[in-house]
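S.K.: Just passing along the structure, written as structure tokens.
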Amino acid sequence: METALTDSLSRRNIRIGLSVWPAMQSNITKTEVLVLNVTAEERIMYSVMKAVYDSGIPISFKGSMVLKACLFEAGFLDETRHTVDIDANWNTDTPPTAEQMVESLQRAINRGGMDYEVRLYRMYGEKRSAGFELVDRNTDEILFTMDVDVNRPITPTQIYEVDGICFRGVSPLQMIADKVAVVSTDKVFRRIKDVVDLYYISKVFEFDVQKIYSTLKCSERIMGDFQGFLQRKEDLRHSYDKFRFAGGVNKRHSMQSIVR
């Protein structure tokens, strides 16, 4: 990403991918993008996210589903990696009980006209998210899961729209900051997907290093020293080679084209 972030990180000799700015323009509509690049499971997940948003539950979404919507709105139409779960934040003055969370989510889904059952399989705790399964009542098949962090530091959000489906998700800047925080540490070797996501994002967004630092500070996170990129390039390439893109997406880019 030939951006403000990578320029500012030049003292560390780190450069991630290439950028296109401003966002690419296209005559393809969002609906057509969905037909091309969103799996059936992801379409269901967007419907659930809309139902949750419409219900007023104090949830904001994050993760790959929000990233896809963000890229769509910005004009990035290439196929991106698919996902099999929803990530979210739940923020309230009083920590919710397991029953409150399940009942709220179930009510939202019922009102959305979907015949799915919400099951809690992991209660949240310190440094542990709540885990939910959404199950087809007719077949008892687990369609996908939701990982929900509870009362973590509140992050900036905005409203996204995908094919007429609206929901609240973390801001693009917050996504960038969170992913930079991860890839700048040794976590990068097991979070290669964040390197790939930053490559996608760099195609349509400029990175402002001062804003990223400020965002990390507000969310109580810090930026690492990028030693994985500087000292362990072969290990990084090996981690990328082992990374499997969900949904049958091909690796269209070599590691060299993403991290240079």
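Here, each number is a calculation from the coordinates, and none is a lab measurement. Computed from a prediction, not measured in an experiment: that's the story for all the values here. Counting neighbours? That spans all protein chains shown, and the Cβs are built from the backbone with ideal geometry, glycine included.
S.K.: Could you pull out every one of the aspartates and glutamates with an alpha carbon less than 15 Å from that of Lys203, ignoring same-chain neighbours closer than 8 positions?
M.R.: Partners found: Glu2, Glu73, Asp78, Glu79, Asp194.
S.K.: Here's a follow-up. Based on the Kirkwood radius over alpha-carbon pairs, what value in µm²/s does the Stokes-Einstein equation return for the translational diffusion coefficient of segment 72-146 at 4 °C and 1.567 mPa s?
M.R.: 91
S.K.: Compute the distance from the alpha-carbon center of segment 197-224 to that of segment 40-95, in whole Å.
M.R.: That distance is 19 Å.
S.K.: As an exercise, use a Förster radius of 41 Å and the Cβ-Cβ distance of Asn151 and Asp241 to find the FRET efficiency, rounded to the nearest 0.05.
M.R.: That gives a FRET efficiency of 0.60.
S.K.: So what is the orientation-averaged projected area of segment 160-239, using the convex hull of its C-alpha atoms, in nm²?
M.R.: If you wrap the Cα atoms of segment 160-239 in a convex hull and average its projections, you get 6.3 nm².
S.K.: Now for a separate question. Sequence neighbours fewer than 8 away in the same chain don't count; with that in mind, list the lysines whose C-alpha is under 18 Å from Lys187.
M.R.: Straight-line reach from Lys187, under 18 Å: Lys127, Lys179, Lys233, Lys242.
S.K.: Out of the GluC sites (Glu not before Pro) in segment 123-204, which ones are loop residues according to DSSP with at most 11 other C-beta atoms within 10 Å?
M.R.: Hits after loop and neighbour filter: Glu126, Glu141.
S.K.: Further question: Once both labels are modelled 7 Å past Cα along the beta-carbon direction, what's the Lys233-Thr185 spacing in nm?
M.R.: 2.5
S.K.: Okay, moving on. So how far apart, in nm, are the two label points at Glu99 and Glu41 if each is 7 Å from Cα heading toward Cβ?
M.R.: 3.3
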